[in-house]
Amino acid sequence: MLHYLIMCRSLTYAQRAVRALAHVGISAFVMKAPAYAVSGGCAYCVRIPENRMTNALGALKSAGLQPGRVFIQTNDGLYREAQPNA
């Protein structure tokens with residue numbers, strides 16, 4: 001299964017995002033961001049299943065949380081920056 005990574009500005013922000021997603025039934029967890037995805041600042045992200053991305057972005061917006069950069073897992077297991085559709 002492929003996954004998305006939603007970059008967060010802090011560990012606390014990532015934890016808030018996971019709680020907001022859990023509230024609407026989306027399984028997600030906080031993880032350290034891959035080094036190539038970090039452009040200064042915090043190095044944490046929220047990992048979610050690929051098929052829940054649209055719902056996750058809507059849930060974050062409803063909770064007043066603005067997601068950062070978004071990465072999608074490629075078939076070789078690496079991540080590339082994605083353009084979310086929400």
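The values are calculated or read from the model by the stated rules, or taken from the named source; none is laboratory data. This is a predicted model, so every value here is computed, not measured. Heads up, the Cβs are rebuilt from the backbone with ideal geometry, glycines too, and the neighbour counts pull from every protein chain shown. Protein only, heavy atoms only, side chains kept; ligands, DNA and RNA dropped before computing areas. Shrake-Rupley method; radii C 1.70, N 1.55, O 1.52, S 1.80 Å.
State yes or no: is I72 touching a residue at least 60 places away in the same chain (Cβ under 8 Å), surrounded by fewer than 19 Cβ atoms within 10 Å (Cβ to Cβ) and in a strand (DSSP E or B)? Show your work before the answer.
Values: touching a residue at least 60 places away in the same chain (Cβ under 8 Å): yes; surrounded by fewer than 19 Cβ atoms within 10 Å (Cβ to Cβ): yes; in a strand (DSSP E or B): yes.
Yes; evaluated as a whole, the condition is true for this residue.
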Could you list, ordered by first residue, the pairs with Cβ atoms under 8 Å in which the first is in segment 1-30 and at pLDDT 95 or above and the second is open to solvent by 70 Å² or more (accessible area, probe 1.4 Å) and among the small types (G, A, S), at least 6 apart or interchain? A20/S62; L21/S27
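Among L57, L11, which is the only one that is open to solvent by 50 Å² or more (accessible area, probe 1.4 Å) and either of a type in the set (A, V, I, L, M, F, W, C) or closer than 19 Å to L78 by Cα (or both)? Let's see the steps before the verdict.
Working: L57 fails: open to solvent by 50 Å² or more (accessible area, probe 1.4 Å).
Result: L11 is the single residue among L57, L11 that is open to solvent by 50 Å² or more (accessible area, probe 1.4 Å) and either of a type in the set (A, V, I, L, M, F, W, C) or closer than 19 Å to L78 by Cα (or both).
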For segment 19-35, give me each residue that is open to solvent by 30 Å² or more (accessible area, probe 1.4 Å) and closer than 22 Å to L78 by Cα. S27, F29, V30, M31, K32, A35
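Which one is nearest to the chain's Cα centre (by Cα), of the residues in segment 1-59 that are outside any helix (DSSP H, G or I) and of a type in the set (F, W, Y)? Full working, then the answer.
Narrowing segment 1-59 to residues outside any helix (DSSP H, G or I): 1-10, 24-34, 38-49.
Filter once more, keeping what is of a type in the set (F, W, Y): 4, 29, 44.
Working: Y4: 6, F29: 9, Y44: 9 Å.
Checking each candidate, the answer is Y4.
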